[in-house]
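The values are calculated or read from the model by the stated rules, or taken from the named source; none is laboratory data. Model, not experiment: these values are computed from the prediction. Heads up, the Cβs are rebuilt from the backbone with ideal geometry, glycines too, and the neighbour counts pull from every protein chain shown.
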Ligand SMILES: [Zn+2]
């Protein structure tokens, strides 16, 4: 500031001197004098701005180009291999959540795949602990490509305690497929294979599924059991879809009988989501990899066409 002010003052003084020198003589003198003045003024006051504004722009222009040209080659290589691998081999998992815990504290997990908010399809690999072959179907569905628009929900097992002990019931000895709130009735007592529990949805495992179904309202639900090797006979749209599933998997359609069917999961879902279809698949005593793949494909076919 001070230096600039001093500079200006000296310019003014010089100009004053020139004009006081006045008249015509000022012209020739003024020329060089003015140039000199301007030059000296520029040297004192303006040099910094002039020099900096002129020089940086070419410098900037030259420095901007190299990074831009240098960036693409580094960005391109990583992008090329990335998209090719994941979509084909491992389609993404949207989310995995613990929807509840069993009586003995084991987590009950639900995995969401496909299109969130699309047509919800739910697959329960195991409800009766000693009938867990359907978990192989869920395993296959964990990596199969999910058709567009399908919001696929997978619950490998809703009865991890029964599975751990290889028994039908949960750790309260309740048959979870008699414990659902729709049409629940007291049935049996602890130790009986169809013991219905102390009340509708008295078991934490049942509550976990009730909450999940409330949340996602599936259009299609498949429940895996063993080992009657059949698809139950159904009526209306449900019957149609069950027959289609039977065709796709080669399982016969035949009535499932012999139990007291109060408080079953499918009964509850039919009441809870009237527009949806929920049915059970009775697998045989064993299910190999090819069988699991066939069932998984049948689920996905029905999901997109059903
Ligand atoms: Zn069963």
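Determine, yes or no, whether residue 105 is within 16 Å of the ligand (Cβ to nearest atom), on the phi > 0 side of the Ramachandran plot and at pLDDT 95 or above.
Working: within 16 Å of the ligand (Cβ to nearest atom): no; on the phi > 0 side of the Ramachandran plot: yes; at pLDDT 95 or above: yes.
When the stated conditions are applied, residue 105 does not pass them.
Sort through 263, 259, 236, 197 and tell me the only one that's touching a helix residue (DSSP H, G or I) at 6+ places or on another chain (Cβ under 9 Å) and exposed (fewer than 14 other Cβ atoms within 10 Å of the Cβ). Outline the logic, then answer.
Details: 263 fails: exposed (fewer than 14 other Cβ atoms within 10 Å of the Cβ); 236 fails: touching a helix residue (DSSP H, G or I) at 6+ places or on another chain (Cβ under 9 Å); 197 fails: exposed (fewer than 14 other Cβ atoms within 10 Å of the Cβ).
Answer to the selection: 259.
Got at least one residue in the range 244-267 being more than 16 Å from the ligand (Cβ to nearest atom) and either outside the structural domain of residue 168 (by TED's automatic domain parsing) or under 26 Å from residue 198 (Cα atoms) (or both)?
No, the conditions are met nowhere in the range 244-267.
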